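First, the structure itself, so that you have it in front of you.
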Amino acid sequence: MAVIRQLPDTLVDRIAAGEVVERPASALKELAENALDAGAGSIRISLARGGIDEIIISDDGHGMSADDLRLAVRRHATSKLPDGRLDDIRFLGFRGEALPSIGAVSRLEITSVQQGASEAWQIIVDAGDVGMPQPAALDRGTRVAVRQLFKAVPARLKFLKTERTEQGRCLDVVRRLAMAWPQVGFTLEADGRTLLDLPSGTRELDIGEDDGNDRARRLAAVMGRTFGDEAIHIDARRGDIGLRGMISLPTMNRPTPGSIYLFVNGRPVQDRSLSGAVRAGYGDTLPRGRYPMAALFLEIPVESLDVNVHPAKTEVRFRDAAGVRSLLVGAISAQLLDNGVRSTGEGAITASRLFAAGRQGPSGFSAPPAASYAAPPHDWQAPLSSQVPRPDPAMIADLPPSAPPSAEIAEEVALETLLGAARAQLHKTYIVAETGDGITIIDQHAAHERLVMERMKAAMAADGVAVQALLIPEVVDLPADQREAVLEQAEFLAGLGLEIEEFGEGSVLVRGVPALLGAPDAARMVRDIAEELVELGGSRTLEDRLAHVLATIACHGSVRAGRRLNDAEMNALLREMEATPNSGQCNHGRPTWVRLSLADVERLFGRR
């Protein structure tokens, strides 16, 4: 009896579909790339239930004849390799790979009319069963409808995320393609709502000839007007490798690398090495754990890269990977050096709030989040006094009952505490304290970040986090997926003292912030939380999501590195650390203080 047997074509196609079609966004990507390869100037996309029930893509490209349709749904049939060379790929996808794979796991309807033809044709593939082309009605281009995705393999459905998450993945695919092809118009609708509407630019299909104006407008539309107005333009070349695009100033940063977009010859790619090179280009100008916003486009001769590394072609391999990385790092660092004096509008807004708060008097440790980016008020920059000044009452009011004001602590008592008596602040970041048998060094921001988070946790366990209503509610513009994520968690965020409500299309309204944060930058905080919620998706537990969001909020309410503290403030911080659980590490797991015994110090100088 034979052990090995030939699999039927329908099963082979379903196996192949597993490599190409992982989720609705995968099918959308393949179909949209086909439309771009067909010379489309406008692409309209409609989704139902995040693309799980239906994906419809219409374009105005050159279309196909009945014979083309018959071949397009067969395996290993393509118009993308005119000379048969796999090392000379100048198109985004292979029509012969995607369509049969999608048709094997769904109901696929393709209607198309060739330019100059008198009639259109339609072909239907239902779970791998291919019909014959039939006359149809269509005025131009191609219309592809994918319905009941994974109907032939229902087991795959249980591995999909929520409808909102799958919709967000589809939106991200369209954003990336829209950024790479500014000359093409994109419209994305989901369940009757318009998520993206980007008009077409000039019809320059060779992105290497784009003068940059269309691309700058498109990037501003996708990544935000502030980014478009203030980003640094990159235009560099190393040998036959070109680099164009836009990067944010260091002060415009995000908590995740999700806003770094990379493209190679117009193809969106996800490459950790390239993302790392972008981060390396910023050097130490970015805060730890923060990432820039960037949209960078590499132009490389097709013979110098391999785009067939991944079935979905989201990864590429370079012949001169070191040269590409060197170009990225060098171009970014050089442009940042040239623009080192500039600051973003976000920083200017934060600075004005800081000065306004300074006129009303300092607000203790509830510092606005960008104090490390803009000069704090003069009161906070005064030289440290040799005398212990009177501490700020607002600051002391927040201390636990077990931590008396530092001005009332006797010198000998302070020396015998765990963290000791503060003696100096170094580089406006680290506090040096003397103990009875050595010294301690404290990271002021990391320490206070944990204190704020523990205060919020305690408040939630008691009566809830107190809300400070904003005198003028703040409108925050957000991408569609981030806006939906925030509104979906509005009740959850309200329990943390952050009151948010819907405000028109593409915006939310912030009415209140946690009172213990003082005067935070509400817009910046909401953007960070929104990005965190999208990245977390629906795969995290409530406790996990709570920890992430609490950490983000606490970070915005903590005393920042770069802020000068006086003696009373430093000692008050140390006393509160001693009375707060988990204060030995910050919200990100880093240590908040280190200790050197007197013996350790003596060994450093050879006295032991």
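The values are calculated or read from the model by the stated rules, or taken from the named source; none is laboratory data. Remember, predicted model here, so these are calculated numbers, not experimental data. Here Cβ is always computed from backbone atoms with ideal geometry, including for glycine, and neighbour counts include all displayed protein chains.
What are the residue pairs meeting all of these: first residue in region 37-54, first residue closer than 18 Å to residue 190 by Cβ, second residue among the hydroxyl-bearing types (Ser, Thr, Tyr), Cβ atoms under 7 Å, and 6 or more apart or on different chains?
That search, which allows pairs on different chains as well, returns 44/58; 44/187; 45/187.
Given the criteria modelled with pLDDT of 85 or more, surrounded by fewer than 22 Cβ atoms within 10 Å (Cβ to Cβ) and aliphatic (A, V, I, L, M), does residue 565 qualify? Give the steps one after another, and end with the answer.
Working: modelled with pLDDT of 85 or more: yes; surrounded by fewer than 22 Cβ atoms within 10 Å (Cβ to Cβ): yes; aliphatic (A, V, I, L, M): yes.
So residue 565 passes the test.
Within region 153-201, which residues are touching a residue at least 12 places away in the same chain (Cβ under 8 Å) and among the small types (Gly, Ala, Ser)?
168, 178, 180, 185, 190, 200, 201
For region 575-587, indicate whether the set of residues that are more than 23 Å from residue 290 (Cα to Cα), modelled with pLDDT of 85 or more, of a type outside the set (Val, Ile, Thr) and not in a helix (DSSP H, G or I) is non-empty.
Going residue by residue through region 575-587, those that are more than 23 Å from residue 290 (Cα to Cα) are 575-582.
Add one more test, that the residue is modelled with pLDDT of 85 or more, and what stays is 575-578.
Remaining after also requiring of a type outside the set (Val, Ile, Thr): 575-578.
Subset that is not in a helix (DSSP H, G or I): none.
Within region 575-587 (the criterion being more than 23 Å from residue 290 (Cα to Cα), modelled with pLDDT of 85 or more, of a type outside the set (Val, Ile, Thr) and not in a helix (DSSP H, G or I)), the answer is no, since none of the residues qualifies.
Select from region 139-171 the residues that are at pLDDT below 95 and of a type in the set (A, V, I, L, M, F, W, C) and write down the one among them that is nearest to the chain's Cα centre (by Cα).
160
Right, something else. Within region 220-264, how many residues are on the phi > 0 side of the Ramachandran plot and either in contact (Cβ under 8 Å) with a residue 60 or more places away in the chain or surrounded by fewer than 20 Cβ atoms within 10 Å (Cβ to Cβ) (or both)?
Going residue by residue through region 220-264, those that are on the phi > 0 side of the Ramachandran plot are 224, 239, 245.
Subsequent filtering for residues that are either in contact (Cβ under 8 Å) with a residue 60 or more places away in the chain or surrounded by fewer than 20 Cβ atoms within 10 Å (Cβ to Cβ) (or both) retains 224, 239.
Summing the residues that are on the phi > 0 side of the Ramachandran plot and either in contact (Cβ under 8 Å) with a residue 60 or more places away in the chain or surrounded by fewer than 20 Cβ atoms within 10 Å (Cβ to Cβ) (or both) in region 220-264 gives 2.
Would you mind stating whether residue 496 is surrounded by 17 or more Cβ atoms within 10 Å (Cβ to Cβ), outside the structural domain of residue 223 (by TED's automatic domain parsing) and not in a helix (DSSP H, G or I)?
Details: surrounded by 17 or more Cβ atoms within 10 Å (Cβ to Cβ): yes; outside the structural domain of residue 223 (by TED's automatic domain parsing): yes; not in a helix (DSSP H, G or I): yes.
Considered against the rule, which asks whether it is surrounded by 17 or more Cβ atoms within 10 Å (Cβ to Cβ), outside the structural domain of residue 223 (by TED's automatic domain parsing) and not in a helix (DSSP H, G or I), residue 496 comes out as yes.
Let me ask something additional. Name the single residue that is modelled with the lowest pLDDT among those in region 284-301 being under 22 Å from residue 237 (Cβ atoms) and surrounded by fewer than 18 Cβ atoms within 10 Å (Cβ to Cβ). Let's see the steps before the verdict.
Let us first name the residues in region 284-301 that are under 22 Å from residue 237 (Cβ atoms), namely 292, 294-301.
Within this subset, residues satisfying the condition of being surrounded by fewer than 18 Cβ atoms within 10 Å (Cβ to Cβ) are 299, 301.
Values: 299: 93, 301: 89.
Restricting to residues being under 22 Å from residue 237 (Cβ atoms) and surrounded by fewer than 18 Cβ atoms within 10 Å (Cβ to Cβ), the top hit is 301.
Among the residues of region 146-155, what is the count of those that are under 11 Å from residue 53 (Cβ atoms) and out of contact with any helix residue (DSSP H, G or I) (no Cβ under 7 Å at 6 or more places or on another chain)?
Number of matching residues: 3.
Shifting gears a bit: In the list 378, 445, which residue meets the criterion of being at pLDDT below 75 and over 16 Å from residue 568 (Cα atoms)? Outline the logic, then answer.
Details: 445 fails: at pLDDT below 75.
Answer to the check: 378.
Take residue 455 and decide whether it is out of contact with any strand residue (DSSP E or B) (no Cβ under 7 Å at 6 or more places or on another chain) and surrounded by 16 or more Cβ atoms within 10 Å (Cβ to Cβ).
Judged against the criteria, residue 455 is a match.
Considering only region 34-50, state which residues are within 14 Å of residue 194 (Cα to Cα) and either among the aliphatic types (A, V, I, L, M) or surrounded by 24 or more Cβ atoms within 10 Å (Cβ to Cβ) (or both).
The answer is 43, 45, 47, 48, 50.
Looking at (1) in a loop (DSSP other than H, G, I, E, B); (2) in contact with a Pro (Cβ under 6 Å, 6 or more places away or on another chain), which is the only condition residue 166 fails?
Failed condition: (1).
Next up: For the structure I just gave you, tell me whether residue 460 is crowded, with 22+ Cβ neighbours inside 10 Å, in a helix (DSSP H, G or I) and either of a type outside the set (Lys, Arg) or assigned by TED's automatic domain parsing to the domain that holds residue 226 (or both). Reasoning before the result, please.
Values: crowded, with 22+ Cβ neighbours inside 10 Å: no; in a helix (DSSP H, G or I): yes; either of a type outside the set (Lys, Arg) or assigned by TED's automatic domain parsing to the domain that holds residue 226 (or both): yes.
Answer is no for this residue.
Results for (1) in the same structural domain as residue 99 (by TED's automatic domain parsing); (2) assigned to a helix (DSSP H, G or I); (3) surrounded by fewer than 19 Cβ atoms within 10 Å (Cβ to Cβ), shown as yes or no for each residue.
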{"position": "150", "(1), (2), (3)": "yes, no, no"}
{"position": "156", "(1), (2), (3)": "yes, yes, yes"}
{"position": "174", "(1), (2), (3)": "yes, yes, no"}
{"position": "188", "(1), (2), (3)": "yes, no, no"}
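Taking region 463-493 as the search range and keeping residues that are surrounded by fewer than 17 Cβ atoms within 10 Å (Cβ to Cβ) and of a type in the set (Gly, Ala, Ser), which one is modelled with the lowest pLDDT?
464
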